[in-house]
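Notes follow the structure.
The values are calculated or read from the model by the stated rules, or taken from the named source; none is laboratory data. All values derive from a computational prediction rather than experimental measurement. Every residue, glycine among them, receives a Cβ derived from its backbone with ideal geometry; neighbour counts consider all protein chains shown.
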Amino acid sequence: MIFSTTRLRKLLMKIQTLIAAIALTVGASAFAQAPAAPSAAKDPLATPKIDQRQANQEKRIDQGIASGALTTKEATKLDKLETKIESDKLAAKADGKVTHAERRKLRSEQNHASASIRRQKHDAQTVTK
């Protein structure tokens, strides 16, 4: 089977086109499967919600002292609760990761402290000025 020069050129062009199409397909599929650029990874030690809630509760205690709704004894007791939550948070961070169970425990402690703040602020005891 002898090919003429023009037939040979046409055959080579078809082969080149086929190889280019395969290369584009393989390249595009590899690009499509490439993992996305790594987004900002979550810090396993970050506790922004816990920190914000703790700040809010401390502000509520300060407001209760300023308004006279909390006695010195009540404020001291509530501050001790907040200090315990802070120490538990630091203990949870000590191993390099705050687990879901540790976060749940901290939320539970904060719920208890929040209820105590409300109860103490709205009880009959007030500071007379």
Study note, to complete from the structure: In the range 65-95, anything closer than 13 Å to ALA113 by Cβ and surrounded by 12 or more Cβ atoms within 10 Å (Cβ to Cβ) is listed as GLU74, ALA75, LYS77, LEU78, ASP79, LEU81, GLU82, LYS84, ILE85, GLU86, ASP88, LYS89
Revision key, fill the gap. Of (1) under 24 Å from GLU109 (Cα atoms); (2) at pLDDT below 85, PRO48 satisfies every one except (2)
Exercise for review: Specify which of the listed residues (LEU45, LEU81, LEU70) is under 27 Å from the mean Cα position of the chain (by Cα), in contact (Cβ under 8 Å) with a residue 12 or more places away in the chain and outside any helix (DSSP H, G or I).
Suggested key: LEU45
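Sort through ALA55, ALA113 and tell me the only one that's in a helix (DSSP H, G or I), more than 21 Å from the chain's Cα centre (by Cα) and aliphatic (A, V, I, L, M). Break it down stepwise before answering.
Working: ALA55 fails: more than 21 Å from the chain's Cα centre (by Cα).
Result of the check over ALA55, ALA113: ALA113.
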